[in-house]
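Participant: This is the structure, below, for whatever I ask next.
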Amino acid sequence: MRHEILSDESLEIMREIWARPEASINDVWTALNAARRKKVRRTTVQVQMTRLVRYGWLSRRKSGREYLYAALYGKDETVGDLLSALARRVYGGSFVELVGLLLERGIFSPADRRRINVMWRKIGRGKETGPRLFPA
C-alpha cells in the first residue's frame, strides 16, 4: 500500500491517467474540464500531478517540451488498497463486516448479484459451476 491516501481531487486525476498509457498535464486538464461546470486551473492540475509523482503514484518522463505521466499502480490495485484501508480503519480489518454491511443495505442490483455469483464460482473452482453466493 502506498504511504499517501489519495484525495478526491487526486483520484479524479488518477482516473484520467488510468484511461490512457501516458498523459501530459494538458491532456488531464482538458479531460477534467470537459466534464465540469466549474473549471479547474491548469496550475492546480500541475501542482497536484507533481505531488502524485513525489508521493509515488505517478512516473514522469520528458518528451520534447513537456512531461508525460504514467500511473505506477493500476486502478484495481489502488481500489483494493483503499478498501483494505477502509476495512482496517472502520472494521478492524474485517472484510466480512464490510461486505455484510453492503449486503444488509441492499446495495447490489439483481444484475450485480448475477455477476458476483459468476465471479465467485470462477474463483472458487476455476469454472462457472458450483455454489452461489446469492439465490438465482
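Participant: Against the definition (in a strand (DSSP E or B) and in contact (Cβ under 8 Å) with a residue 40 or more places away in the chain), how does residue 69 come out, yes or no?
Facilitator: When the stated conditions are applied, residue 69 passes them.
Participant: Which residue out of 30, 78 is surrounded by fewer than 16 Cβ atoms within 10 Å (Cβ to Cβ) and either in a helix (DSSP H, G or I) or touching a strand residue (DSSP E or B) at 6+ places or on another chain (Cβ under 8 Å) (or both)?
Facilitator: 30
Participant: Sticking with this structure for a sec: Working only within segment 60-79, note down all residues that are more than 18 Å from residue 29 (Cα to Cα) and in contact with a helix residue (DSSP H, G or I) (Cβ under 6 Å, 6 or more places away or on another chain).
Facilitator: Answer for segment 60-79, where residues must be more than 18 Å from residue 29 (Cα to Cα) and in contact with a helix residue (DSSP H, G or I) (Cβ under 6 Å, 6 or more places away or on another chain): just 75.
Participant: Further question: For segment 4-27, which positions are of a type in the set (Gly, Ala, Ser) and surrounded by 15 or more Cβ atoms within 10 Å (Cβ to Cβ)?
Facilitator: Passing the criteria: 10, 23, 24.
Participant: Looking at residue 50, is it loosely packed, with under 15 Cβ neighbours inside 10 Å and at pLDDT 95 or above?
Facilitator: no
Participant: Do the conditions hold for residue 43, that is, is it outside any strand (DSSP E or B), touching a residue at least 60 places away in the same chain (Cβ under 8 Å) and either among the polar types (S, T, N, Q) or not assigned by TED's automatic domain parsing to the domain that holds residue 25 (or both)?
Facilitator: No: the conditions fail for residue 43.
The values are calculated or read from the model by the stated rules, or taken from the named source; none is laboratory data. Predicted model, so just to flag it, every value in this text is computed and none were measured. Glycine gets a Cβ as well: all are built from the backbone with ideal geometry, and neighbour counts include every protein chain shown.
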